Amino acid sequence: MTQLVECVPNFSEGRRPEVLEKIASAIRAVPGVKLLDMEYDRDHNRSVFTFVGEPAAVKHAALDAAGVAVGLIDMERHRGEHPRLGALDVLPFVPILGITMAETVELARQAGRELWERLRVPVYFYEEAALSPARRSLPDVRRGEYEGRKLNISEPAWRPDVGEPRMHPTAGATIVGARPPLIAYNVDLETDRLDVAKAIARKVREKDGGLPAVRALGLELSGKGMVQVSMNLVDFRRTGIAAAFEAVRAEAGRAGVRVHRSEVVGLVPLEALVDCAAHYLSLQGFTTDQVLEARLGG
């Protein structure tokens, strides 16, 4: 049976299209890999790539892309709204077809070891690939960001899982993991008050008693004169897009703020969009089997 893995690397670059195209070219150059999507944001100064293929080819493409990023992104000069630890900030592998999570974990750990051996970038493992419970959560691993980790990487609590306890001089460190599909979902608010976005993020995120399987941050979009509630829906079957949007809209309304728009970053499972349609149209028993393109694809 063919094995299919998705890889969704996040790079700390969203303002230089020429750099992003070089990363994309490195991915496209690997036989058996298909680049599905590339998105970037100037305020976040961050990009998200999505590609799929068989495990060995996907790992090859991920490491080649990492090599480009390490050569062209200088974390000493990087500034952006999104939390980050390195040039290649996060490297998640997602099992799609014919491969178990355990096998995907092993793939992620191989990639992490090779990232250090090839590029001398220290690596932390997270989510299913974590080596300790304290490092399962991405926000926990990334706490303090690049600037903070330069100062504490030699402390026992912050030593990398792979590599020496020192940051790469320009590329920082990378967080590598294996996880189920997640939805990166953002809601922009018609205000420039960052305190409002941060307060809403605290209300809706799981760790502060909000929605199950939701992580959220309040971020400033200085280029747009607005703020954003940036969310990761780590299990859309527990909290989907519609529920997350309505929660943010309700909290914004209580603060006297309107929602400007929302966006999905990267790709999204069809089932999640079907759930949105069913919610807003009150569709009884609506499933993906009723989507024409899904039936044709089957």
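What single numbered condition from (1) aliphatic (A, V, I, L, M); (2) in contact with a helix residue (DSSP H, G or I) (Cβ under 8 Å, 6 or more places away or on another chain); (3) within 21 Å of residue 50 (Cα to Cα) fails to hold for residue 162?
The failed condition is (3).
Out of the range 180-197, which residues are among the basic types (Lys, Arg) and either modelled with pLDDT under 95 or part of a helix (DSSP H, G or I) (or both)? Steps first, please.
Within the range 180-197, the first condition is being among the basic types (Lys, Arg), and the residues that meet it are 193.
Listed by number, the list is empty, since nothing qualifies.
Which residues, taken from the range 260-298, are touching a helix residue (DSSP H, G or I) at 6+ places or on another chain (Cβ under 6 Å) and among the β-branched types (Val, Ile, Thr)?
Across the range 260-298, the qualifying residues are 274, 288.
Could you identify the single residue in 142, 120, 159, 84 that is modelled with pLDDT of 95 or more, basic (Lys, Arg) and on the phi > 0 side of the Ramachandran plot? Give the derivation first.
Working: 142 fails: on the phi > 0 side of the Ramachandran plot; 159 fails: on the phi > 0 side of the Ramachandran plot; 84 fails: on the phi > 0 side of the Ramachandran plot.
The conditions single out 120.
The values are calculated or read from the model by the stated rules, or taken from the named source; none is laboratory data. Since the structure is predicted, the reported quantities are computational estimates derived from the model, not experimental observations. Quick reminder, even Gly has a Cβ in these numbers, built from the backbone with ideal geometry, and neighbours come from all protein chains shown.
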